[in-house]
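Presented below is the structure to which this report refers.
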Amino acid sequence: MFVSLSLSKINFISHKMEVFFNTFLVLLGALFSVLNPFGAIPFFVGLTQDYEKAERSRVALWTAINVCIILLIAFFVGEYVLRFFGITIPALRIAGGILIASSGFGLLNANPKKRKGISKEVEEDLANRNSIALTPLAMPMLAGPGSISLLIAFYQEHNQVNEIFASSLSIVVVSLFIFLILRSAHYLSKYLGASGIVAISRIVGFLTVAIGIQYIISSVLSIIRGI
């Protein structure tokens, strides 16, 4: 009997660990594709070209912190926003899928000189600011509607304690990646060149389109099954 209980406990822990790592890896990959920190490199380089190395590192750090906070708020509070407005999960997933796919198409037609939601006048104004870590770098360039809707929908299907912890860890890790990429932005920009960055953005864009379409397909199938 003792052996049987021990085996059951081991199987239970093993299952929980498997769910944890699957949740962590799935969300990490999806978030990285949707956020696409490589696409922010040209803009980051342009805005910080006159900064000292320490100042660029500080901006990169605060950008990553701001992204992390925004995504965590979206993940934990998004459910209550849905309830308040009476939005169903299939509707959110379809809208999120469209937004994610749209941002992916934008990456496939990437232009390093332009970034989503940033006009020329805003770019000129932001270039003169002391801090650009929150706007436009953290939002809307990185943490935009696509990533926010992704997290809200993801929480609805992964709300067990171990899944919530794994999802939170994914957000922290992807924010760490953002910091490391932006901190190395000037080096990567010189090493990869504009064409290299565009190539990476298009590969990520293709994956982002696939994620968005999969969201739409899953939502439509869910609605059909419920009829």
**Message:** Suppose R0 equals 35 Å. What FRET efficiency, 1/(1 + (r/R0)^6) with r the Cβ-Cβ distance, do LYS9 and PHE177 give to the nearest 0.05?
**Reply:** 0.50
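For region 1-102, what is the accessible area per residue in Å², given a 1.4 Å probe and the full set of protein chains?
Roughly 56 Å² per residue, with all protein chains present.
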**Fill in**
Counting only protein heavy atoms with a 1.4 Å probe and every protein chain in place, the carbon and sulfur fraction of the accessible surface of region 40-113 in whole percent equals 67
**Message:** Quick check: at a probe of 1.4 Å, how many percent of the accessible area of region 155-227 sits on carbon and sulfur atoms?
**Reply:** 69
**Message:** Which order do you get for GLU52, GLU79 if you rank them by accessible area with a 1.4 Å probe, largest at the top?
**Reply:** GLU52, GLU79
**Prompt:** On full extension of the chain, what length is gained from LEU134 through ALA210, given 0.36 nm per residue of separation minus the C-alpha to C-alpha distance?
**Reply:** 24.5 nm
**Request:** Please work out how much length the chain gains when fully extended from LEU61 to ASN22, using 0.36 nm per residue of separation minus the C-alpha to C-alpha distance, in nm with one decimal.
**Result:** 11.3 nm
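The values are calculated or read from the model by the stated rules, or taken from the named source; none is laboratory data. Here the structure is a predicted model, which means the values were calculated and not measured. Please note: Cβ atoms are built from the backbone with ideal geometry, for glycine as well, and neighbour counts cover all protein chains shown. For the accessible areas, the whole protein counts, side chains as well, though only heavy atoms, and no ligand, DNA or RNA atoms are used. Shrake-Rupley method; radii C 1.70, N 1.55, O 1.52, S 1.80 Å.
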